[in-house]
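Comments concern the structure below.
The values are calculated or read from the model by the stated rules, or taken from the named source; none is laboratory data. Small disclaimer: the values here were computed from a predicted structure and weren't measured. Methodologically, a virtual Cβ is constructed for each residue, glycine included, from the backbone with ideal geometry; neighbour enumeration extends over all protein chains shown.
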Amino acid sequence: MEGQFARMANLGDVDAQSFYGHILTFRGVGLGAREEGIRLLRLAALAGDGKAAYQVGVISLAGSPSKAPDPVEAARFWSIAVKAGHPLAQIKLEELAARDSMK
C-alpha cells in the first residue's frame, strides 16, 4: 500500500502527496523519510491542500536541527491553509501576529 501512495505522490496526486507526506513526516524512520515527507507536504500545500499547508506552517515555525525557525514561511503556509478552509490556521496566524507584536 505504501508503494502505491509513493507512486501516486510522485505522479503529482495532491491527495497522495498530503497523505503520504504526513505518514513519512510523523511515522517514517530516519531523517531521510522526514525530509521526503516534508517535501511532499510542501508540494501538496502549494497545490492548495489545507492540511498539508497547516502542517508545513507548524514545521516551519518549529525549525529543525538544520534549519532555523521561520515565522515568515509559517505565516505564508498558514495563509494558504486559511484559504483552503483549515479550521486552526487563522488561530495560528493570530497567535503569530500577537507574538511578533510583543517583541
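Scanning the stretch 1-27 for residues that are surrounded by 15 or more Cβ atoms within 10 Å (Cβ to Cβ) and of a type in the set (A, V, I, L, M), we see that the one that is modelled with the lowest pLDDT is 6.
Out of everything in the stretch 83-103 that is touching a Phe, Trp or Tyr at 6+ places or on another chain (Cβ under 9 Å) and in contact (Cβ under 8 Å) with a residue 24 or more places away in the chain, what residue ends up being farthest from residue 39 (Cα to Cα)? Ranking the qualifying residues of the stretch 83-103, first place goes to 96.
Evaluation of residue 56 against the conditions (1) over 19 Å from residue 5 (Cα atoms); (2) surrounded by 23 or more Cβ atoms within 10 Å (Cβ to Cβ); (3) out of contact with any Lys or Arg (no Cβ under 6 Å at 6 or more places or on another chain) shows that the sole unmet condition is (3).
Evaluated against (1) touching a Lys or Arg at 6+ places or on another chain (Cβ under 8 Å); (2) over 19 Å from residue 19 (Cα atoms); (3) not polar (S, T, N, Q), residue 78 falls short on exactly one condition, (2). Taken over the stretch 28-45, the residue count meeting the criterion of being surrounded by fewer than 16 Cβ atoms within 10 Å (Cβ to Cβ) and among the hydrophobic types (A, V, I, L, M, F, W, C) is 3.
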